[in-house]
1. Per residue of segment 448-464, what does 6.51 cos²θ - 1.76 cosθ + 1.60 with θ = phi - 60° give for ³J(HN,Hα)? Whole Hz please, x for Gly and Pro, Karplus curve as stated.
2. Suppose R0 equals 60 Å. What FRET efficiency, 1/(1 + (r/R0)^6) with r the Cβ-Cβ distance, do THR590 and SER266 give to the nearest 0.05?
3. Can you compute 3J(HN,Hα) from phi for each residue in segment 175-185, using the Karplus curve 6.51 cos²θ - 1.76 cosθ + 1.60 with θ = phi - 60°, rounded to whole Hz and x for Gly and Pro?
4. Taking H placed 1.01 Å from N in the peptide plane, check which residues at least 5 places from ALA347 or on another chain put their amide H under 5 Å from its amide H.
5. For the charge dipole of the chain, defined by +1 on Lys and Arg C-beta atoms and -1 on Asp and Glu C-beta atoms about the Cα centroid, which residue among LEU557, SER546, THR479 has the Cα displaced farthest towards the positive pole?
6. Compute the semi-axes of the equivalent ellipsoid of segment 261-316, taking the square root of 5 times each eigenvalue of the Cα gyration tensor, and list them largest first in whole Å.
7. Starting at the first residue of segment 606-612, write each ³J(HN,Hα) from the Karplus equation 6.51 cos²θ - 1.76 cosθ + 1.60 with θ = phi - 60°, in whole Hz, x for Gly and Pro.
8. For the chain, what value does the Rg/Rh ratio take when both radii are computed over Cα atoms and Rh is the Kirkwood radius, given to two decimals?
Amino acid sequence: MNADSPTPDTGTAPPNDQDAEQAALGAMLLSRDAISAVSAIVAPDDYYRPAHATIHAAIAQMHATGHPADPITLAVRLRDAGDLHRVGGASYLHTLVQATPTAANGPYYAQIVADTAKQRRLIETGVRLIAESRQGTTDAAQIAARATTALTTIHASEQWPAPVPLGTHAPLPVFPVSALTPWIAEHVAAVAEFTQTPPDLAATMALAAVSTAAGGRVHLEIRPGWREQANLYLVCAMPPASRKSDVFAAMTEPIYDVERQMQEESRARIIEAETEKEAALAEAEGLMAKARKPGGTIDRTALVAEASAAKLLAEEIHVPPRPRLTVSGDITPEPLAHQLALHRCLAALSPEGDLFDIIAGRYSAKPNLGVFLQAHKGERLQTDRITREQPSVDKPALTIGVTPQPAVLQDLAGAPGARDRGLLARFLYALPPSNLGYRRTRTTPVPAPVAQRYHARLTHLLRTLCALPEPVTVPLTPTADRAVEALQDTLETSLQPGQPLAHLPDWAGKLVGHTARVALLLHLADRIAAETWGHPIGEDVITRASAITEYYTQHALAVFDLIASDPATDAAHTILEWLRRPRTDGTWRTTFKRRDAVAASRRFRTVAQVEPALALLETHGYLRTDTPPRTGRAGHPATATYRVHPSLQEENDDAR
């Protein structure tokens, strides 16, 4: 039989559904989201056809390492592993896609595969038990015990993959590069390919680059009274030897080129102003020198008046500061506040994590977080601590784009006030996997037209927005406004007890604002060439921005889990330890209710205190919620019951 053809389901064949197996795999090839959804329901050994098991395993491995999975890339992976011919060739991979009505139904196809796998296991168990009974080598009690154990194992393992340990995370999504403006997206993809790095790194620094141009210079008015600046705090954490510096340089080079050009262009103007000011001060000093000479023939009153007028004139001469777009990555808070007072809009860009070390208090016993908090929101910044001669600055705008090592994030989380005062909530986090060990040694350089287009467009954006005399406000279209409102509604639901963001209200509370800022950056990049960036922002831009912030949301969940700055993580560990302990009668907990978890530890006093931890454990796969039946009484909702993952009991059994 040709491998491209499904195995017929004859009357003697074990239960299987080849159409469902093909559709489940096809959904995984069509949609990255479907990979996680299908893998949560079926494992490779659930497939009837071995070829399908091989294909599923290969897709899951590619997804886990951050590589895109489609018929072409999968064929290369299978060919390298020597499995392509065995699964039916490259044409069969395209057959899987064509056999899939819609990727959105991937979980339903996977459920069919899981159900037939369960039926096969039940049949196999029954056949084995019948054989043992007929042989007479085992007594009835032992056979019954084995039957009970086997059936319990089949039921417990159904649709319940191994839990993800706390402190780690499931495979995270790859940055949705297609949501970026084409001239940015093509450069991101080319740099990622050339450096053999995840596109997340280049994409995050591209957003930081556009934010450097727009931050503080263009605002978005979502509704009257609600405005957002265009500056972002972005961090892409990767381990050493990840080629961060190469990617950083490729994405930020136009910024430093424009900064050098602006400094050179302003040089003559600054020298002229300095000379004029020095001359005016010298004239005032000369008049004062005459007024100091003794003698009764000198009209000191007139000389003092002339000197005062000359000094006032000198003070009115403004010497412009040397233009700056960026500050170094190791700047301390006080000089940063001083530079913001001079320039108002700045970017702290660095391929290292020095800035986070400084924020965490490397040079002071108590971290000074104020300037970083105020410069994100655009709140009035007082600079009296620097010098009384420097005025306070309204609407400061700081962009941060750094690529530290993951351990640096843990140090930042440990800084006093970093979580409580909202600093951690201001960042968009990316935590892509490293490509170390999977990188190709010979890659295609970034095509010259792609690099030139990126450089020219970003330069034009920087020049245009830096030349604005005052900040410009861009509105939303009515449909875009409704799209933002829908995002707000969705966010409110996700913050409810038991929902994914319930334990991160501080970070999630800024999510819609961050989405609006990303939308503004996309809008500016989309329209800078046509000079129509002042037009209202459309609904499609909001949709693209929400795809990007959804990516950052998934990574933020992993980062907060990694840095363990979330109180829910500690509480989850407490509940997990309780579930791993047997009851006084020696039995194990297979189900429990919220009030049982409250009573498990003195650290909990109310149900509200355990809900974020329970939500986190459910997200990691340790718990499942059984939907409670209606009580029939208004105001008395039924209490949810949590089922405990069987692996916890297996751990305890193994420890005995």
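1. My calculation for segment 448-464 gives 4, x, 5, 5, 5, 5, 4, 4, 5, 5, 5, 4, 4, 5, 4, 4, 5 Hz in order.
2. Numbers: r = 72 Å, r/R0 = 1.20.
Efficiency at R0 = 60 Å is approximately 0.25.
3. Each residue's phi maps through the Karplus curve to give 3, x, 4, 5, 6, 6, 4, x, 5, 7, 4 Hz.
4. Those qualifying (amide H under 5 Å, at least 5 residues apart or on another chain) are THR326, VAL327, THR399.
5. The one lying farthest along the dipole's positive direction is LEU557.
6. Working: eigenvalues 224, 17, 4 Å².
Those come to 33, 9, 5 Å.
7. Running phi through 6.51 cos²θ - 1.76 cosθ + 1.60 with θ = phi - 60° gives 9, 4, 4, 6, 9, 4, x Hz.
8. Numbers: Rg = 31.7 Å, Rh = 29.0 Å.
Here the Rg-to-Rh quotient is 1.09.
Every number in this text was worked out from the coordinates using simple rules, so none of it is lab data. Bear in mind that the values here come from a model prediction, so they are computed numbers and not experimental data. Methodologically, a virtual Cβ is constructed for each residue, glycine included, from the backbone with ideal geometry; neighbour enumeration extends over all protein chains shown.
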